[in-house]
Amino acid sequence: MSARRAAWPFLAPAFAVLGVFFLLPVLGALALSFTDYDLYALADLRNLRFVALGNYWELLHRPLFWAALGHTCYFVAVGVPLSIAASLGAALLLDSPLARARAFFRTALFAPVVTTVVAVAIVWRYLLNTKYGLLNHALGLLGVHPVDWLGDPRWAMPAIILFAVWKNFGYNMIILLAGLQAIPPELHEAARIDGAGALRRLWHVTLPALAPTLGMVAILTVAGYFQLFAEPYVMTEGGPLQSTMSALYLMYEEGFKWWNLGSASAVAFLLFALTFAVTAAMLWLFRRGSEA
Amino acid sequence: MSPRAAKWLVNGLLLAGAAAALFPLAWMLSASFMAPGESGTLPPPLLPAHPTWANYQALFVRAGMGRYLANSLLVSCAITALSLACNLTAGYAFAKLDFPGRRALFRGVLGALVIPAQVAMLPLFLELKYLGLVNSYAGVVAPALASCFGIYLVRQFARAIPGELIEAARIDGAGEWRIFARIVLPLLRPAMATLAIFTFLAAWNDFMWPLIVLTGQEHYTLPVGLASLAREHAQDTELMMAGAVVTVLPALALFLALQRYYLQGLLLGSVKG
């Protein structure tokens, strides 16, 4: 048997799965978003109608859709820089020649990443409790008045961002740490001989050398943070006053609570388009930046 | 700054960071041993006055946590074993076997990494409904049986296998599957470990898809069961903490045991950008 034909049996299982359970549904999502698939169509397919761009048109006129999109963008715009700053800080500390017990610290800082979102979101819900939560208790010792973290529309999203930073920063920390360790030590040595202090070396040597890694990490994190769902589902149920209703949460409610699958698919596609546009723009910017 | 002060600063900051990362987990563990209502007293206690297993007992006897735990184990193990088979064969084919359209297909696999799984969820639900797989273990397992990321990961590892090794076996008359089983798989052991722990943890922690496709409690995985318990028993802090411990601990233990492989996979997965 020739090696050329031999490849297909090796590929067939994976391709069958990806075709049936990924490619087909993705194409189906596009088709679905042009229909009014709802509870009636679910019961009897003859009730299905083609509505062209009707779902998209309606969504663009729905305040809740814009609110959900706005909350998602808020989460991304604030959460991603904070997450990356935390990751970078932790990676720089771990990379420092002064650090002791590095393996322990690396594991400890990374531990939240491998925990289950749902479980630790529940833990945080209690830590953030207005009256009995330890966060407010600690702030109280500093003289800060209790904050109604998850019950106040102004504070609910910041609380979720805080949680997300805690949960996720370890992931990028590992990638950035590998990036830092790949910087040739001669660069630092040369800068030191030229009399550059630690901060100047960080700014002029470390960060430029780390820029490609930082750019990639930023793009991956943005793409991930646009899919915000489990955190508000568990911690706030989208409230208070829908202040933590994310785009994906809206898709979930629209699709699996109200069974408006057509309109929910339109939400999914608009979110995908937005994610794609933002990450593509970032990629373009970083490429241009590295050429300049 | 003197070197001594710098050393204190670096290690002090690391200590503070580690404390912040571990504190919620430590409190979760501590509160799970408190008596019902104990954590809701002022000032909030850090340690249980009289440690008790009562919450774990209530969890397994009354709240059906044993069932969720078994479901999670079953689903995660099935996904890990079966998807390992699919991704290993496909990744190997992309790395070492020559076939028409290889480059174009692989570019397709990489391109698909951009599409978030959530886009496919609504039609996937309908598809599984017509297949009669909604609210079954198969409904959770089937869509996870192959992944573009897994294929990519295996290909990266498999490219390092010397082609002469495979060629020599072919000349000796070994069939393609024999070569795969006898020569390739043993060399891919690190890839298998990496992919296995990655897949298992992803399956164990997955929430949104099981939440959608599992409609009956008897099939709930731990995250779905826990989220539903948390809505019913919002006031039972200590009980919920015990539930969180049962959910988090296996994942954490597995990570600690296979940390090296997990971090290796994380780094390999990130260089694709």
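The values are calculated or read from the model by the stated rules, or taken from the named source; none is laboratory data. Worth saying up front: this structure is predicted, and the values here are computed from it rather than measured. Quick reminder, even Gly has a Cβ in these numbers, built from the backbone with ideal geometry, and neighbours come from all protein chains shown. Ligands, DNA and RNA are stripped out before the accessible areas are found, and what is left, the full protein with its side chains, is counted by its heavy atoms. Shrake-Rupley method; radii C 1.70, N 1.55, O 1.52, S 1.80 Å.
Could you name the lysines whose alpha carbon sits less than 21 Å from that of B:Lys96, not counting residues in the same chain fewer than 8 places away? Straight-distance partners of B:Lys96: B:Lys272.
Residues of the stretch B:39-58 that bury at least 30 Å² of accessible area when the other protein chains are present, relative to the chain alone (probe 1.4 Å, heavy atoms, ligands and nucleic acids excluded): B:Gly40, B:Leu42, B:Pro44. Cross-link candidates for A:Lys257: which lysines have Cα within less than 17 Å, leaving aside residues fewer than 8 places away along the same chain? Here the lysines satisfying the reach criterion relative to A:Lys257 are B:Lys129. Relative to the longest principal axis of the Cα atoms of chain B, the long axis of helix B:189-205 makes an angle of roughly 40 degrees. Taking amide H as placed 1.01 Å from N in the peptide plane, the amide H of A:Thr35 sits under 5 Å from that of A:Val51, each at least 5 places away or on another chain.
Extension gain A:Asn47-A:Ala196, at 0.36 nm per residue separation less the Cα-Cα distance, in nm?
Separation in residues times 0.36 nm, less the Cα-Cα distance, equals 46.4 nm.
Three semi-axes describe the equivalent ellipsoid of chain A; taken as square roots of 5 times the Cα gyration tensor eigenvalues and ordered largest first, they are 40, 30, 19 Å.
Taking 8 Å as the Cα distance limit and 6 or more residues as the minimum spacing, I'd like the relative contact order of chain B as a percentage. Reported as a whole number, the value is 31 percent.
The contact between chain A and chain B removes approximately 7900 Å² from the accessible area (both sides summed; 1.4 Å probe; ligands, DNA and RNA excluded).
Other chains near B:91-98: what is the mean number of their Cβ atoms within 10 Å of each residue's Cβ? Kindly include the intermediate steps, with their values, before the conclusion.
Numbers: counts 3, 3, 9, 4, 0, 3, 8, 5.
Going residue by residue through B:91-98 and averaging, the value is 4.
Would any residue of the stretch A:61-105 have its amide N under 20 Å from a label point 7 Å out along Cα→Cβ of B:Arg4? List them or say none. Those under the cut-off are A:97-100. Kindly provide log₁₀ I(q)/I(0) values, in the same order as q = 0.06, 0.07, 0.09, 0.11 Å⁻¹, from the Debye equation applied to equal alpha-carbon scatterers of the protein assembly as shown. Evaluating at q = 0.06, 0.07, 0.09, 0.11 Å⁻¹ gives log10 I(q)/I(0) of -0.33, -0.46, -0.76, -1.14.
Based on the Kirkwood radius over alpha-carbon pairs, what value in µm²/s does the Stokes-Einstein equation return for the translational diffusion coefficient of the stretch B:58-270 at 4 °C and 1.567 mPa s?
Working: Rh = 19.1 Å.
The diffusion coefficient I find is 68 µm²/s.
Only one residue of B:Phe255, B:Gly111, B:Ala196 has its Cα farthest out toward the positive end of the dipole of the stretch B:58-270, where Lys and Arg carry +1 and Asp and Glu -1 on Cβ, and that residue is B:Gly111.
Seen against the Cα atoms of chain B and their longest principal axis, helix B:3-31 is set at about 80 degrees.
Using DSSP to define loop residues, name the trypsin sites (Lys or Arg not before Pro) in the stretch A:1-78 whose beta-carbon has at most 15 other beta-carbon atoms within 10 Å.
Working: sites: A:Arg4, A:Arg5, A:Arg46, A:Arg49; in loops: A:Arg49.
Those satisfying the criteria are A:Arg49.
Scan the stretch A:121-156 for trypsin sites (Lys or Arg not before Pro) in coil per DSSP, keeping those whose Cβ has at most 13 other Cβ atoms within 10 Å, and list them by number.
Values: sites: A:Arg125, A:Lys131, A:Arg154; in loops: A:Lys131.
When the trypsin sites (Lys or Arg not before Pro) of the stretch A:121-156 are filtered for loop state and at most 13 Cβ neighbours within 10 Å, A:Lys131 remain.
What does the accessible area per residue of the stretch B:58-270 come to in Å², with a 1.4 Å probe and no ligands, DNA or RNA counted? It would help to have the intermediate numbers written out before the result.
Details: 8320 Å² over 213 residues.
Result: 39 Å² of accessible area for each residue.
Neighbours of A:Asp36, meaning other residues whose beta-carbon lies under 14 angstrom from its beta-carbon, give a summed charge of -2 when Lys and Arg score +1 and Asp and Glu score -1.
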